[in-house]
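Worksheet: one structure, shown below.
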Amino acid sequence: MAVPSYPPPAGYYQPGNYATDQSGALWVCTTSGYPGTWLKHGYLDSNAADIQPAGNGGAAGTTGMAADAGHVHPTLGAYLGAPQIFAPAAATNFTASSTSLAAFATGTLCTSTFTAPSSGKVLVTASFAFQTSTAGAAAMFGLAISGDTTPAAAPVNITQGGSAATLQQVSMPFWVTGLSAATLYQFDLLGAASTGNAVIAAYAQTAVTYASTKGSSVIVTVQGF
């Protein structure tokens with residue numbers, strides 16, 4: 001039976017009835033009625049609403065439809081690209097000298113460019129070594145879209161202990177929400193100090209014995225949730 005379009009003309013159909021449309025595609029009736037429910041034979045499901053993260057317990061897919069190559073089940077907590085690593089061969093200091101947050105180095109101490117997940121939520125983790133120029137001073141760290149200074153997540157305050165020359169190695173999480181799904185983003189690492197300077201000491205340590213040069217690699221990762 002050939003029909004000009006889908007669904008077929010008014011009439012009563014039962015499961016197993018089939019028809020071809022003007023393009024030659026085959027349609028099969030799956031539920032009886034006037035005209036009943038019809039599915040395109042061999043139809044591949046790429047409906048984004050049918051895609052669920054693995055392990056979240058949610059059902060996914062549509063009965064009678066097979067998944068196509070674009071039907072991806074993202075894993076909660078998956079990394080959204082490679083880590084952004086800054087590991088200079090020569091010790092390099094990046095300084096924040098204001099009490100207001102500002103980027104340490106736009107496009108250098110930052111995330112890689114990533115595509116926001118459908119939830120609009122990501123966890124950004126920055127690992128680095130820092131110190132303040134004034135003993136007992138507090139340093140503040142935050143994130144912002146590259147080229148902006150408006151924090152995208154709650155900033156973190158850390159008080160420098162000991163002398164001003166004491167380095168602290170930290171791994172700092174930032175929970176970011178409200179991103180636009182499927183949109184490209186890159187975040188800069190921001191810094192501020194209550195007094196004096198907040199300094200990130202970047203250096204690719206390669207020595208296997210004690211070396212007096214201070215610093216560590218700066219590593220920033222992004223995970224989707």
- Which condition does A135 not pass, out of (1) under 14 Å from the mean Cα position of the chain (by Cα); (2) over 15 Å from G191 (Cβ atoms), if it passes all the others? (1)
- Message: Which of the numbered conditions does V222 fail, given that it passes all the others? Conditions: (1) part of a loop (DSSP other than H, G, I, E, B); (2) modelled with pLDDT of 95 or more.
- Response: (1)
- Does T150 satisfy being without any contact (Cβ under 8 Å) to a residue 40 or more places away in the chain, hydroxyl-bearing (S, T, Y) and in a loop (DSSP other than H, G, I, E, B)? yes
- Task: Among what's in region 145-197 and is closer than 21 Å to T132 by Cβ, among the small types (G, A, S) and surrounded by fewer than 16 Cβ atoms within 10 Å (Cβ to Cβ), pick the residue that is modelled with the highest pLDDT.
- Result: S171
- Message: Among the listed residues G142, G120, G107, identify the single one that is of a type outside the set (S, T, Y), in a strand (DSSP E or B) and at pLDDT 90 or above.
- Response: G142
- Could you give every pair whose Cβ atoms fall below 8 Å, whose first residue belongs to region 1-22 and is part of a loop (DSSP other than H, G, I, E, B), and whose second residue is charged (D, E, K, R) and modelled with pLDDT under 85, counting only separations of at least 6 or pairs across chains? V3/D21; P4/D21; S5/D21; Y6/D21; Y6/K40
- under 12 Å from V220 (Cβ atoms) and part of a loop (DSSP other than H, G, I, E, B): does that describe S127? no
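The values are calculated or read from the model by the stated rules, or taken from the named source; none is laboratory data. Since we're looking at a predicted model, the values are computed, not measured. Because the Cβ atoms are built from the backbone with ideal geometry, glycine has one as well, and the counts that use them run over all protein chains shown.
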